[in-house]
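Asks: If you scroll down you'll find the structure; I have some questions about it.
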Amino acid sequence: MELSDQDRRLLQALQVDASLSLAQLAEACSMATSTVWRKVQEFEAAGVLIGRVAILDPRKVGAGLCVFATVRLNDHSAEAVATFAKTIRDQPNILEAHTTSGTADYMLKIRCSDVEDYEAFMSNILLRAPEVKSVVSAFSLRALKFTTALPL
């Protein structure tokens, strides 16, 4: 989908605060309310706008520890990869999972309450998956930047 400057302004406004009313979005973007409504419908239909969520403070909801784990598989067959992918999708602690190049097969972003919680998760979930060869964990000491907004 080709994005106009007007489209970009609207998408940027939605990324800042998706709870704004159509009238508030229209005012912020210097557009008619009916145009905002139509464009939002178009973005949803085209798959550009795939959801609207509330962003929570992880510390205030018991998920203050952020861990980046690199995972290597011992089996790269289609069946093993599919099984591992299901394991990943089924775990609410795993916020992101990426197939990567380099020495690891996957990079996972995991949220837990504390180190003990992560150790239990790693021992009971990740390391028990038969296709997992190794897990290397890096603990975030401080987030310097956090955003979900894409550059438009």
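Asks: Expressed in nm to one decimal, what extension gain is obtained for the pair R52 and L127 from 0.36 nm per residue of sequence separation less their Cα-Cα distance?
Replies: Using 0.36 nm per residue and subtracting the Cα-Cα distance, I get 23.6 nm.
Asks: Which whole-number percent gives the relative contact order of the chain, counting Cα pairs below 8 Å spaced six or more residues apart?
Replies: 26 percent
Asks: Another question, then. What is the extension gain from A32 to T83, computed as 0.36 nm multiplied by their sequence separation minus the C-alpha to C-alpha distance, in nm to one decimal?
Replies: Extra length from A32 to T83 when fully extended: 13.5 nm.
Asks: Compute the long axis of helix 33-46 from its Cα atoms, compare it with the longest principal axis of the Cα atoms of the chain, and write down the angle in degrees, 0 to 90, nearest 10.
Replies: Compared with the principal axis, the helix lies near 30 degrees.
Asks: Now for a different question. Using just the helices of the chain, give the 222 nm mean residue ellipticity in deg cm²/dmol: DSSP H runs with n ≥ 4 each add -39,500 (n - 2.57), and the total is spread over all residues, rounded to 500.
Replies: -10500 deg cm²/dmol
Asks: Can you put V40, V136 in order, fewest other beta carbons within 10 Å first?
Replies: Working: V40 19, V136 11.
Ascending number of Cβ neighbours within 10 Å: V136, V40.
Asks: Read through the labelled values (i) 1.09; (ii) 2.08; (iii) 0.94 and report the label of the one computed as Rg/Rh (Cα atoms, Kirkwood Rh) from the structure.
Replies: Working out Rg/Rh (Cα atoms, Kirkwood Rh) from the coordinates points to (i).
Asks: Report, please, the projected area of segment 5-46 averaged over directions, based on the convex hull of its C-alpha atoms, in nm².
Replies: Numbers: hull surface 10.2 nm².
Mean projected area for segment 5-46: 2.6 nm², to one decimal.
Asks: Once amide H atoms are placed 1.01 Å from N in the peptide plane, what residues at a sequence separation of 5 or more from V132, or on another chain, have their amide H within under 5 Å of its amide H?
Replies: When sequence neighbours closer than 5 places are left aside, the close amide H contacts are N74.
Asks: In bins 10 Å wide, starting from 0, what share of all Cα pairs of segment 62-152 does each bin hold, as a percent?
Replies: 15, 50, 27, 7, 0
Asks: Still on this structure, please answer the following. Quick one: Karplus J couplings for segment 121-138, per residue in order, coefficients 6.51, -1.76, 1.60, θ = phi - 60°, nearest Hz, x for Gly and Pro?
Replies: Those phi angles translate into 4, 5, 5, 8, 10, 5, 6, 8, 5, x, 7, 7, 8, 7, 9, 10, 10, 10 Hz.
Asks: Here's a follow-up. For segment 22-76, taking Cα atoms only, what is the radius of gyration to one decimal and the Dmax to the nearest whole Å?
Replies: 19.5, 56
Asks: Let me ask you something else. Looking at segment 75-152, which chymotrypsin sites (Phe, Trp or Tyr not before Pro) are in a loop (DSSP not H, G, I, E or B) and have at most 11 other Cβ atoms within 10 Å?
Replies: Filter output for segment 75-152: F146.
Throughout, read-outs are computed from the coordinates displayed, never taken from laboratory work. If you're wondering where the values come from, they're calculated on a predicted model, not measured in any experiment. Here Cβ is always computed from backbone atoms with ideal geometry, including for glycine, and neighbour counts include all displayed protein chains.
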